[in-house]
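The values are calculated or read from the model by the stated rules, or taken from the named source; none is laboratory data. Since the structure is predicted, the reported quantities are computational estimates derived from the model, not experimental observations. When we count neighbours, we look across all protein chains shown, and the Cβ atoms used for this are built from the backbone with ideal geometry, even at glycine.
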Amino acid sequence: MANIHTHRWQISRRQTLRGFGATLALPFLEAMRPLYGQKASSGDPVRMACLFMPNGVRPDKWTPSGSGKNFELSPILSPLEAVKEHLTVISGLTNKPSHKGDGHYFKTAGWLTCSTIASTTGSDVSANGISIDQIAAEAIGRNTKLPSMELGTEPITSGIDRNVNLTRLYGSHISWKKPDVPLPCEINPQSAFDRLFRNTDKSGKSKSEDRSVIDIVLDDANSLKKTLGTEDKHKLEQYLESVREVERRIENEAKQIGAGQNISAAAAKQLNELNKRIGTAMGGDKKGLGSVQRIDHTEHARLMLDLIALAFWTDSTRVSTFMFGNAVSGKNFSFLDGVSGGHHSIS
């Protein structure tokens, strides 16, 4: 006798949309809920995102007023007003192990390890601890496509900072798999997108590089829609449109980012040196040539944050880190209205 509680449309939470060259995870749908009488799920997945701002924040513009549930969001946090009831803003914390060194590298590389990094100018780097995101990945990342995802906006920096006699590598890594194994950030949004949603062959090349992920899985998506209720159909359509929108935006930026990000760290260093010489020779009137980033910084950051949201939404990963910038990067802040130059020169 058939189980009266069995529905033909019930699907697994692990089901994906598939096509030749792409696999797309699904958001949570009503059809994924457990059947009546079956053991209930333990709830929504626990997720963790760590967002690093190399120059910190202004405490007076960041810290909410009040405490407990009766607090008022600060100007910087005010865009989160709609989800305020779900927020807990913790103030007054300090990372004492990072106080022993300089104001940049020790704070950056030791941010998620809460340990004091090894003072070195060579390749024997050590954070003297495993970062909390990787500890979380071990606990909650075993059943997702990616145990963790590390994103950023600037290339890895190398060489030695003679001002403090430290390797510059510390300034571009916050995630540490092991004390001596830093995890580099992916800074190309297209590569991050492909890693999340496209299948690759043994050489690492996508099998469907020129086609939209949505187009590839469309047949499977249409078949699934026939088995879903009205609410789930709407949710699936919204999700697919969100994925397509991120694809469109990445495509629009592709030409701007491609050439710059293929420049090696050594070449970038030489470009910076050349830039200084040109600036000196021309009295500082020549526009800088040292940037390896052609993409608009604001849109770059938004793309990466949206990729994290999509990765969480699809349960492709449950742990992610994002660096808005590297420490001691010399970033030009001219993307902000009324600002030109790096933070040291304008502060």
Quick check: anything in the stretch 56-64 small (G, A, S) and either in contact with a Lys or Arg (Cβ under 8 Å, 6 or more places away or on another chain) or at pLDDT 95 or above (or both)? no
What are the residues in the stretch 85-114 that are assigned to a helix (DSSP H, G or I) and closer than 26 Å to K69 by Cα, if any? E85, H86
Does H7 meet the test of being at pLDDT 90 or above and either of a type in the set (A, V, I, L, M, F, W, C) or within 24 Å of K235 (Cα to Cα) (or both)? no
What tally of residues in the stretch 129-146 results from selecting those that are within 11 Å of K177 (Cα to Cα) and either outside any helix (DSSP H, G or I) or in contact with a Gly (Cβ under 6 Å, 6 or more places away or on another chain) (or both)? 3
List the number of the failed condition for A327; all other conditions in (1) surrounded by fewer than 20 Cβ atoms within 10 Å (Cβ to Cβ); (2) small (G, A, S); (3) farther than 28 Å from V46 by Cβ hold. (1)
